[in-house]
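No lab work stands behind these numbers, since they all come straight from the coordinates. Predicted model only: the values in this text are computed from it and were never measured. Don't worry about glycine lacking a Cβ; one is built from the backbone with ideal geometry, like all the others, and counts go over all protein chains shown.
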Amino acid sequence: MSKDRLCKAIAAIDQANSEDPTKEFWQGKEIPKELLYSGRMAQWLEKLDPSPTESRQIAARAQHIRRWMVSREDYPAGREGYLRWRTHLYHFHADQTEVILREIGYDEETILLVRKMIGKQGIKREPDVQLLEDVACLVFLEYYFPDFAKNHDEGKLVDIVCKTWKKMSEAGRCAALSLTMPPELAGVVAKALNLEEKKSDGKTA
């Protein structure tokens, strides 16, 4: 029953993400952007947790469910507008996922846990939430950081890596260090980690 329920949930989430009008080319195929992202989240989850719980699998798949429906352009430019957009997205993704889970018949405890993970409530404190954050950071670093880097200077990139690193657990960081990156991006990561190490040494001095 549980496996059948999980299959239905994943199928419903994949169906929702397959409606994304934005496409990406990957391995010779044109794939809806958020469907591709969802699959990458699922793959990294299994690398970090070979036997993930239902709630973890659902939350990973639904991390960006129907994200295209909430445009960044609907919010003011600048950091404040960006943070408002991101905060709204956490609730939006959680709400979209909850509708699916309730229709399938999931219990209240699972729904609340999935909402907590998608909403990033408890990073560094809650193992489920932290795991999902590690997965999201690894997906970004492996698949999206190279394209992001093309449009930003080194200072911005170092800052982004520093912020990403702070959000990750030690297990997530170890996985990140195993990633293969172009030399120029590996250099950026090295500078960011060196900067973080100096900050850490300053705090403990």
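Could you list the residues of the stretch 134-174 with an amide nitrogen less than 12 Å from a label point located 7 Å from the Cα of GLU184 in the Cα-to-C-beta direction? Counting only backbone N, you get 146-154. With R₀ set to 30 Å, the beta-carbon distance separating PHE140 from LEU112 gives a calculated FRET efficiency near 0.70. Electrostatic bookkeeping for GLU154 treats Lys and Arg as +1 and Asp and Glu as -1; over the other residues with beta carbon under 13 Å from its beta carbon, the sum is 0. In this structure, LYS29 and ARG79 have a Cβ-Cβ separation that, at R0 = 25 Å, corresponds to a calculated FRET efficiency of about 0.10.
Applying the criteria of a DSSP loop state and at most 12 other Cβ atoms within 10 Å to the trypsin sites (Lys or Arg not before Pro) of the stretch 98-205 yields LYS124, ARG125, LYS150.
Distance from the alpha carbon centroid of the stretch 96-130 to that of the stretch 25-93 works out to 14 angstrom. Computed from label points 7 Å out along Cα-Cβ, the spacing between HIS152 and ASP95 is 2.8 nm. Listing MET181, MET69 from fewest to most neighbouring C-beta atoms within 10 Å gives MET69, MET181.
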